[in-house]
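Contents: one structure, followed by commentary.
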Amino acid sequence: MKQVYVAYDRKEEPAADRFRYCPQCQTALTIKDVDHKLRSVCPSCGFIRFRNPAPVISLLIVKDDQVLLGKRSSEPGRGKWATPSGYIEYEDDFLTTAVREAKEETGLDVELRSIIQVVSSFASPGYHFLAVYLLAGVAGGELEAGDDLGEVAWFPLSGPWPELEFQEDVDVLEAYSNSKRRFEGLPIDPSFARQER
């Protein structure tokens, strides 16, 4: 299965980011070659701004041979459909993030079942994600769109699906729906189920 997705010509993306001032001492940043890459560097305190991909989770929430998808209300992909997803906050682990994002975006409480894919996604200029895909089932709650989704709906697991923004969502859905009995993924840490959330 494919694990690196590039939706644009990365050569067109500027080498330096949009940060203009040092987050530690507020001095204007300069651009320097550090480790063979142009990076924002503080000439005063030596801070180096490393640009790293944003870690996110994406959820394949399934119920009765249906999958839950959401219509995005923000970029990237505003107005197109995707699996529910969200950023992993610094203080959270990826499993806690998945449970929180499911509730915020869909109104549902979920039971995490397995880790089914990890991908690098260069979604559009300025958006580089490292996405962990998790399989989940519904454990409760009321279905309602929220947070970054303007609409949520159940679709047949085998399709047809609405126009999806991310090719990685399409590939994960196809792989799971075509071989779901064999496509179990890695089990979720059993100690997570016993943690207080």
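Remark on residue 56: its backbone amide H falls under 5 Å from those of 88, 130, 131, 132, a criterion applied only to residues 5 or more positions apart or on other chains, H modelled at 1.01 Å from N. The value of relative contact order for the chain, using C-alpha pairs under 8 Å at least six residues apart, is 23 percent. Computed from the C-alpha gyration tensor, the three semi-axes of the ellipsoid equivalent to the stretch 54-186 are 19, 17, 16 Å, from longest to shortest. Backbone phi angles across the stretch 161-174, fed through the Karplus curve with coefficients 6.51, -1.76 and 1.60 (θ = phi - 60°), yield HN-Hα couplings of 10, x, 5, 9, 6, 10, 4, 4, 4, 4, 5, 5, 4, 5 Hz in residue order; Gly and Pro are listed as x.
Among 166, 122, 50, which comes first, then next, by fewest other beta-carbon atoms within 10 Å?
50, 122, 166
Counting only Cα atoms, the size of the stretch 95-155 along its three principal axes is 35, 27, 23 Å, in decreasing order.
Order of 21, 176 from fewest to most other C-beta atoms within 10 Å? Don't skip to the answer; put the middle values down first.
Values: 21 12, 176 20.
With the sparsest Cβ surroundings first, the list reads 21, 176.
Helix 94-106 axis versus longest C-alpha principal axis of the chain: approximately 70°, rounded to the nearest ten. Distances between placed amide hydrogens fall under 5 Å for residue 117 paired with 133, all partners being 5 or more residues away or on another chain.
Listed by chain and number, the lysines whose C-alpha is less than 23 Å from the C-alpha of residue 11, apart from same-chain residues fewer than 8 away, are 2, 32, 37.
From least to most packed, judged by other beta carbons within 10 angstrom and beginning with the fewest, 65, 148 follow the order 65, 148.
Only beta bridges with both residues in the chain are counted; by DSSP, about 75 percent of them are antiparallel.
Taking the average, over residues, of other Cβ atoms within 10 Å as the packing measure, peptides 29-37, 126-134 rank 126-134, 29-37 from highest down.
Listed by chain and number, the lysines placed with their C-alpha closer than 26 angstrom to that of residue 103 are 63, 71, 80, 180; residues fewer than eight positions away on the same chain are left out. For the pair residue 113 and residue 2, a Förster radius of 22 Å applied to the C-beta separation gives a FRET efficiency near 0.50, rounded to the nearest 0.05.
Along the axis of the charge dipole computed for the chain (Cβ charges of +1 for Lys and Arg, -1 for Asp and Glu, origin at the Cα centre), the listed residues 58, 138, 108 are led at the positive end by 58. Taking each residue as 0.36 nm, the span from residue 50 to residue 10 lengthens on full extension beyond its C-alpha to C-alpha distance by 12.7 nm.
For the pair the stretch 20-95 and the stretch 96-151, the centres of their Cα atoms are 15 angstrom apart. If R0 equals 25 Å, the separation of the Cβ atoms of residue 120 and residue 92 corresponds to a calculated FRET efficiency of about 0.75.
Rule-based calculations on the coordinates, nothing more; no lab input. Just so you know, these numbers come straight off a predicted model, no measurement behind them. Cβ: placed from backbone, ideal geometry, glycine included. Neighbour counts: every protein chain shown.
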